[in-house]
Amino acid sequence: MTHHIAVIPGDGIGMEVIPAGLRVLNHLNAAHGLGLEFEHFDLGAERYLRDGTTMPPELMVRFRESFDAIYLGALGDSRVPSNVHAKDILLGCRFELDLFTNLRPIQMLNAKYCPLKDKTPEDIDIMVFRENTEGLYVSIGGQFKKGTADEISTQTEINTRKGVERIIRAAYEYADKNGRKSVCMSDKSNAMRQGHDLWQRCWKEVAAEYPHIQSFHLYVDVLCMELVRCPERFDVIVTNNLFGDIVTDLGAQIQGGIGLAASGNIHPGKVSLFEPVHGSAPDIAGKGIANPLAAILSSGMLLAHLGHPDLEARIRAAVRHCLDTSQVTGELGGNLNTEAVTNAVLAHLDTTAQ
């Protein structure tokens, strides 16, 4: 079977770490005959500055009809203050391709990189399901009398029965299939009573279908406090678009830093998008010192989506080995560059080849 992968390196360090991830994918493709075929797309700030292109509508149709996955680098460039290209590419894919699950693992791979004291890798192993196509990110709202003392600005949060129920159900199905003991639903229904009442009702209905899974609820502010105080109490978390964005960045720091944070934007059975969570980091772009591990972990999530969870596990083990042996970039206390860290991952994959 052939799998068609669209590659968009993005901006800044995206153009350095996505090639690192591709080296890992090509290495495993050659070793295991995975049938991966890559097509590279010239999209990002450079393309936008050159001819004004962000995301051609016909390309979105191609992604939907002809590709199995998209591998995307970070987007963002100070020469495009509006970040319109990033919005059209990333949010465009999320909304147009209906990638309703933003899947973000919070998994400690080595305790020395965790800022919390006395925590072990067994304590921090959480999967977050962030609703990815609704909430406050749909840009419904407006401004009246802009720039005056009487200005009014509105931003409307959208919650649909379909959207809320399917992300909650996805979280429970994951917990059920992967032997997770609990699901925490987080909202702010004590203050946002209309939209989050829908979350409460959907959650209680879906949770009742999984009586063997412990279900509990936390307001999002309490969730953030508990992630710092006692991350080991969490297995699976499901929440809305905005809260999920915030909670997973907190989780990234808990697990060891944003340079280890992978993610998938997923619609089961359809084309899905995989990206490292970190930004384009223009201050270090072009220096060859960017941490490639988040991009490499994201490539593992891509392989799992294509039916190879065993290869994702091997990639994660190789990354763990690099952390254990301090074969890392400068922000993690190492002295290796992007290429050398990638070489270390590939070398470990070779030593564990089956």
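Quick notes on this one:
- The stretch 140-168: number of residues that are surrounded by fewer than 18 Cβ atoms within 10 Å (Cβ to Cβ) and in contact (Cβ under 8 Å) with a residue 12 or more places away in the chain: 11
- Residue ID - surrounded by the most Cβ atoms within 10 Å (Cβ to Cβ), chosen from residues in the stretch 323-344 that are within 15 Å of A290 (Cβ to Cβ) and hydroxyl-bearing (S, T, Y): T342
- Answer from A304, A290, A294 - the residue that is surrounded by 22 or more Cβ atoms within 10 Å (Cβ to Cβ) and touching a strand residue (DSSP E or B) at 6+ places or on another chain (Cβ under 9 Å): A294
- Only one of the numbered conditions (1) assigned to a helix (DSSP H, G or I); (2) touching a Ser or Thr at 6+ places or on another chain (Cβ under 8 Å) is violated by P268, and that is (1).
- Taken over the stretch 248-259, the residue count meeting the criterion of being under 15 Å from M225 (Cα atoms), of a type outside the set (D, E, K, R) and under 12 Å from the mean Cα position of the chain (by Cα) is 3.
- The stretch 43-58 residues that are closer than 15 Å to A6 by Cα and without any contact (Cβ under 8 Å) to a residue 24 or more places away in the chain, paired with ones that are crowded, with 16+ Cβ neighbours inside 10 Å and not hydrophobic (A, V, I, L, M, F, W, C) (beta carbon under 7 Å, 6 or more apart): none
- Subset of the stretch 323-350 (residues that are touching a Leu at 6+ places or on another chain (Cβ under 7 Å) and not aliphatic (A, V, I, L, M)): Q327, T329
- Unmet requirement for V238, which otherwise passes all of (1) in a strand (DSSP E or B); (2) over 20 Å from the mean Cα position of the chain (by Cα); (3) not polar (S, T, N, Q): (2)
- The stretch 9-117 holds strands (runs of 3 or more DSSP E) entirely within its bounds, and those carrying 3 or more residues that are buried (at least 21 other Cβ atoms within 10 Å of the Cβ) map to 69-72, 101-107.
- Here is the figure for the stretch 171-181: residues that are under 21 Å from the mean Cα position of the chain (by Cα) and surrounded by fewer than 20 Cβ atoms within 10 Å (Cβ to Cβ) total 5.
- Checking each residue in the stretch 182-204 for being under 27 Å from the mean Cα position of the chain (by Cα), within 28 Å of E232 (Cβ to Cβ) and either not hydrophobic (A, V, I, L, M, F, W, C) or not assigned by TED's automatic domain parsing to the domain that holds E165 (or both) picks out S182, S186, D187, K188, S189, H196, Q200, K204.
- Condition check for P121: over 30 Å from G92 (Cβ atoms), free of Cβ contacts under 8 Å to residues at least 40 places away in the same chain, out of contact with any strand residue (DSSP E or B) (no Cβ under 9 Å at 6 or more places or on another chain) and part of a loop (DSSP other than H, G, I, E, B): no
- Every residue from the stretch 78-104 that is of a type outside the set (K, R), in contact with a Ser or Thr (Cβ under 7 Å, 6 or more places away or on another chain) and in contact (Cβ under 8 Å) with a residue 60 or more places away in the chain: I89, D98, L99, F100, N102, L103
- Among the candidates D324, D245, D310, residue that is closer than 23 Å to A69 by Cα and over 19 Å from the mean Cα position of the chain (by Cα): D310
- Hits in the stretch 126-163 - residues which are of a type in the set (A, V, I, L, M, F, W, C) and either out of contact with any helix residue (DSSP H, G or I) (no Cβ under 7 Å at 6 or more places or on another chain) or more than 30 Å from F234 (Cα to Cα) (or both): V138, I140, F144, A149, I152, I158
The values are calculated or read from the model by the stated rules, or taken from the named source; none is laboratory data. For clarity, every value in this text was computed on a predicted model and none was experimentally measured. Here the Cβ is made from the backbone with ideal geometry for all residues, glycine too, and neighbour counts use every protein chain on show.
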